[in-house]
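Report on the following structure.
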Amino acid sequence: LAPEYNIRCIEAAVDLPFDEGLDVERKLFMELMTGPQSAAQRYYFFAERAANKIPDVPKDTPQIDIETCGVLGAGTMGGGIAMNFANVGIPVTIVERDQAALDKGLAVIRKNYERSRSTTAEQVEQRMALITGSTDKADFADCDIVIEAVFEDMELKKTIFKELDAICKPGAVLASNTSALDINEIATATSRPESVIGMHFFSPANVMKLLENVRGEKSSDSVVATTMATGKRIGKVAVMVGVCPGFVGNRMLFMRGAEAERMILEGATPAQVDNVLYEFGFPMGPFAMSDLAGLDIGWKEEASSSSTVREVLCENGRRGQKNGRGYYTYDPETRAATPDPEVEQLIRDFAIGKGIEQREVTDQEVLERLLYPMINEGAKILEEGIAIRGSDIDVVWVNGYGWPVYRGGPMYWADQVGLSEIVDKINGYRESLGGRHWELSPLLASLADSGGALHTHAS
């Protein structure tokens, strides 16, 4: 509301006498200050600060001095992670499998610095001088922290951590940037599981504020305290979470994605689904996001069998923004997205072939089916102790997934909607749709019955 109210104040200043213009400005200011969007943002201010506190880790816990950093992988994630450390003056050793991949990664880092409006030419050279490239993991031997940023394959990560265990000095933090894999299993590849922790950066890692730190069963208090402090030092908003598939953010996102895919088969269009979230306040919806990331990520032409809409789109030469054709078509100059009737027909044909009846899906149903499974999963995450407090989940979603801060976060928003109303809707969708993500969280049911709140709940 604030941008619109600013315009209304300017209009009043131009069109009305001075005293009347002041009255309008005062009235609009008070509406904003006492309104729900202001309350949500004040809540979020304190939620972000609460996320720094780990109840079972004493404030005086000794921290490991982080004066040098190692990053394994110079791709999009590894390069962005290296930039975070160089930005605050911490020397980085970045290792790739071969010289060509290393040179490419270092060139991208330099390009990112050079096109940054906040970085002078002198600062570009200073920061690049802090980043040393290598093709030998042995160069991690003196690093205080090493962050692995290779692709998501458990056996590969375990092999790497076994190597790091042999190379890195005693006391070094061994961190994985995994977005979903089991940190406890990764830690078993080492002789020092107490030094292993997850540090899940979000892409692009040099831009996104969230750092989802993932505490393993054996991660020491010192390592936990160090990663939280390091996150703050490199300008991130760090949140400590526990181990489960997808951790907090992605685990909830999976539930939203399942319903988004389901609804386009029932008759909603990708543009309708995306627009509902955009109007809610997200920067983009799930299908625009898929186009941005690339529809062919993880897709293999030789194994494709038209078993999903995404496979059908890829088989039809649609890769997303990268080739101008995905769920949407894209203007080659402006990248502006336009809904594509051909895609909508492909989806309808696919759904009819699966025997799925087509119908009109209202925007309200789209909103409920996208967000209520997330609320339900967030409650399960709290029940399981994966998140320390409900407000931590809100901090994750505001900083990592574009949840509009003026709505506080998913847990806060659910409390404003009313937990009893959400429980009734979830029960109704469970009966009509089925699916694990519609199985009601006992905690959510209990809080609805007792008049409790998700955003203030602590594990």
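The values are calculated or read from the model by the stated rules, or taken from the named source; none is laboratory data. Just so it is clear, the structure is predicted and the values come from calculations on it, not from any experiment. In this analysis, Cβ positions are derived from the backbone assuming ideal geometry, glycine residues included, and neighbour counts consider all displayed protein chains.
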Requested in this report: Pairs only if they're at least six apart or on different chains, beta carbon under 8 angstrom, first in the range 305-318 and of a type in the set (A, V, I, L, M, F, W, C), second not in a helix (DSSP H, G or I); list them, first residue then second.
Outcome: 312/306; 313/295; 313/326; 313/327; 314/295; 314/296; 314/299; 314/304
Requested in this report: Considering each of 204, 245 in turn, give the residue that is closer than 19 Å to residue 378 by Cβ and outside any helix (DSSP H, G or I).
Outcome: 245
Query raised in the report: Mind checking whether some residue in the range 31-53 is over 28 Å from residue 392 (Cα atoms) and at pLDDT 95 or above?
Result: yes
Query raised in the report: Does any residue in the range 138-149 that is more than 14 Å from residue 81 (Cβ to Cβ) come within less than 8 Å, Cβ to Cβ, of a residue that is of a type in the set (D, E, K, R) six or more places away or on a different chain, and which pairs are these?
Result: 141/169; 142/169; 144/65; 144/67
Query raised in the report: Do you know which of the residues in the range 144-154 that are loosely packed, with under 15 Cβ neighbours inside 10 Å and within 16 Å of residue 97 (Cβ to Cβ) is modelled with the lowest pLDDT?
Result: 151
Requested in this report: Mind listing whichever residues of the range 375-390 are out of contact with any strand residue (DSSP E or B) (no Cβ under 9 Å at 6 or more places or on another chain) and either surrounded by 24 or more Cβ atoms within 10 Å (Cβ to Cβ) or within 12 Å of residue 442 (Cα to Cα) (or both)?
Outcome: 375, 376, 377, 379, 380, 383, 384
Requested in this report: Filter the range 181-198 down to residues that are assigned to a helix (DSSP H, G or I) and among the charged types (D, E, K, R) and give me whichever is nearest to the chain's Cα centre (by Cα).
Outcome: 185
Query raised in the report: Conditions: (1) within 27 Å of residue 406 (Cα to Cα); (2) buried (at least 16 other Cβ atoms within 10 Å of the Cβ); (3) without any contact (Cβ under 8 Å) to a residue 60 or more places away in the chain. Residue 294 meets all but one. Number of the miss?
Result: (1)
Query raised in the report: So which residues in the range 159-181 are buried (at least 18 other Cβ atoms within 10 Å of the Cβ) and of a type in the set (D, E, K, R)?
Result: 165
Report summary line: The correct count of residues that are in contact with a helix residue (DSSP H, G or I) (Cβ under 7 Å, 6 or more places away or on another chain), part of a helix (DSSP H, G or I) and either more than 16 Å from residue 260 (Cβ to Cβ) or among the hydrophobic types (A, V, I, L, M, F, W, C) (or both) in the range 273-312 is 9
Query - Residue ID - farthest from the chain's Cα centre (by Cα), chosen from residues in the range 103-132 that are among the hydroxyl-bearing types (Ser, Thr, Tyr) and in a loop (DSSP other than H, G, I, E, B) - result: 120
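Each row is one residue, and each column tells you yes or no for (1) on the phi > 0 side of the Ramachandran plot; (2) within 24 Å of the chain's Cα centre (by Cα); (3) among the aliphatic types (A, V, I, L, M).
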| residue | (1), (2), (3) |
| --- | --- |
| 346 | no, no, yes |
| 384 | no, yes, no |
| 398 | no, yes, yes |
| 402 | yes, yes, no |
| 413 | no, yes, no |
Query raised in the report: Quick check: anything in the range 73-93 touching a Cys at 6+ places or on another chain (Cβ under 9 Å), surrounded by fewer than 23 Cβ atoms within 10 Å (Cβ to Cβ) and part of a loop (DSSP other than H, G, I, E, B)?
Result: yes
**Report entry** Scan of the range 283-313 for residues that are touching a Lys or Arg at 6+ places or on another chain (Cβ under 7 Å) and at positive phi, ordered by number
**Finding:** 294
Query raised in the report: Taking the condition crowded, with 17+ Cβ neighbours inside 10 Å and in a loop (DSSP other than H, G, I, E, B), does residue 213 pass?
Result: no
Report summary line: Expected single match for in contact with a His (Cβ under 6 Å, 6 or more places away or on another chain), among the aromatic types (Phe, Trp, Tyr) and at pLDDT 95 or above among 401, 412, 406 is 412
Report task. Would you check if there is a residue in the range 167-180 being part of a helix (DSSP H, G or I) and either at pLDDT 95 or above or over 30 Å from residue 252 (Cα atoms) (or both)? Result -> yes
